[in-house]
Amino acid sequence: MTVATCVLDSLLIANRGEIACRILRTAKKLGIRVVSVYSDIDTHALHVKLADEAYRLEGVTSLDTYLNQTKILEIARDAKCQAIHPGYGFLSENVEFARACEQNGVLFVGPSSEAIRTMGIKSTSKEIMLKAGVPVIPGYHGNEQDQQFLRDQAEQIGYPLMIKAVRGGGGKGMRIVSSSSAFQSQLESAQRESASSFNDSQVLLERFIPNPRHVEVQIIGDHHGNTVYLYERDCSVQRRHQKIIEEAPAPGISAELRTQLGNTGVRVARAVNYHNAGTVEFIMDRTTEEFYFMEMNTRLQVEHPISEMITGVDLVQWQLMVASGQKLPLTQEELQLKGHAFETRIYAENPYENFMPGAGTLTHLQPPQPSDSVRIETGVQEGDEVSVHYDPMISKLVVWDENRTLALNKMKRALSQYQVGH
């Protein structure tokens, strides 16, 4: 799809919380008129206060508000917005919403609906990667879902193996199977969860790599044939299959392997004619350092700030430039890796109930002092309500220093100063 170059002067942010505030900050810096949307719970939220204009999405649930495609597009039209930035989550990887933006003449700050569709189906994306010469974990990624057929495929792959929902994410529809005797029950369990979570019971099978590293490459491409990587992030520290601490660059990676990872990330993007920011996730064997394509997130990631910290690039600004038809401002050779960065996600949780999400009033909120090397990305203030209807992450602590040891020590100090109470 060809995009004509234009001057972007208005933007609707179809999100809430810290990512809405993050996008808003860059847009305001560029002199762009910002329109926020809000649910009834978010009437007094920070992203509403900071916007030039704000429009109500009647209701409290995600389905009624931030997932309400029709209402959001109506607001974009009424507010005369040129573009919509979806942030992450909600509508950010929704094929129908991206297509509706395209059909209504609204710039979608992200990839094409076709790229989202292609990369959103794990089996399809892995078949494309195989054809593009990108390493993929050995397994079965086809459409045949007969249980006996899948059992036969499992025997060929060998145990232990992974069962994954074709449209999965966040650990849902995922099972580790240690032996053939456990396969049937785990298959049925994964299929039920996949159908419930994604309205699709299809699964794929993959060889299980014990104690792997989760390494991902930040890429961005424009509409002029340029695609670059902003190095890699290590997101191996996870809980309940969700990232909690990320760092960039990945520790212990040689310069040669770093270049190989980056170039492979670019190859993935080019294989699907990808434009705008995206993240290519790889699973890496700690022993052999072999890496395999896992999936591509066709949006801005939660952990994008650490890539910004080590490159000096404002990824949201680059996203807006690409969406408006401009070329990337730097080539791969001009992008320099500097220092080390960590991101820690700050959650509203109850430590006395197995760290389950907590809701209520933030009666006390005192983050560490921000600086050029300490970023606090948040969408809440003291006195705000944390709702059960949305993700319990209330902020991100991002630190940078000249090397990993210094950055780690800085993160520890900053965390010791962070106070949250309700």
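The values are calculated or read from the model by the stated rules, or taken from the named source; none is laboratory data. A quick note: this is a predicted structure, and the numbers were derived from the prediction, not measured. Here the Cβ is made from the backbone with ideal geometry for all residues, glycine too, and neighbour counts use every protein chain on show.
Under the condition of being without any contact (Cβ under 8 Å) to a residue 40 or more places away in the chain and under 21 Å from the mean Cα position of the chain (by Cα), the residues counted in the stretch 241-257 number 1. Across the stretch 195-214, the qualifying residues are those that are in contact with a Lys or Arg (Cβ under 7 Å, 6 or more places away or on another chain) and not aromatic (Phe, Trp, Tyr), and the one among them that is surrounded by the fewest Cβ atoms within 10 Å (Cβ to Cβ) is ASN211.
Please indicate, with yes or no, whether at least one residue in the stretch 383-391 is outside the structural domain of LYS49 (by TED's automatic domain parsing) and in contact with an Asp or Glu (Cβ under 7 Å, 6 or more places away or on another chain). No, the stretch 383-391 contains no residue that is outside the structural domain of LYS49 (by TED's automatic domain parsing) and in contact with an Asp or Glu (Cβ under 7 Å, 6 or more places away or on another chain). Set side by side, the residues TYR38, TYR88 differ, and just one is closer than 20 Å to MET393 by Cα, out of contact with any Cys (no Cβ under 9 Å at 6 or more places or on another chain) and touching a residue at least 40 places away in the same chain (Cβ under 8 Å), which is TYR88. Give me the pairs: first residue in the stretch 1-24 and without any contact (Cβ under 8 Å) to a residue 40 or more places away in the chain, second residue small (Gly, Ala, Ser) and surrounded by 14 or more Cβ atoms within 10 Å (Cβ to Cβ), beta-carbon distance under 8 Å, and six or more apart or on different chains, which are they? Cβ pairs passing all conditions: LEU24/SER36; LEU24/ALA51. Just the residues that are more than 14 Å from GLY265 (Cβ to Cβ) and touching a Lys or Arg at 6+ places or on another chain (Cβ under 9 Å), please, taken from the stretch 118-135. Correct list: GLY120, ILE121, LYS122, THR124. In the set (1) part of a helix (DSSP H, G or I); (2) free of Cβ contacts under 8 Å to residues at least 40 places away in the same chain; (3) surrounded by 17 or more Cβ atoms within 10 Å (Cβ to Cβ), ARG175 fails one condition alone, (1).
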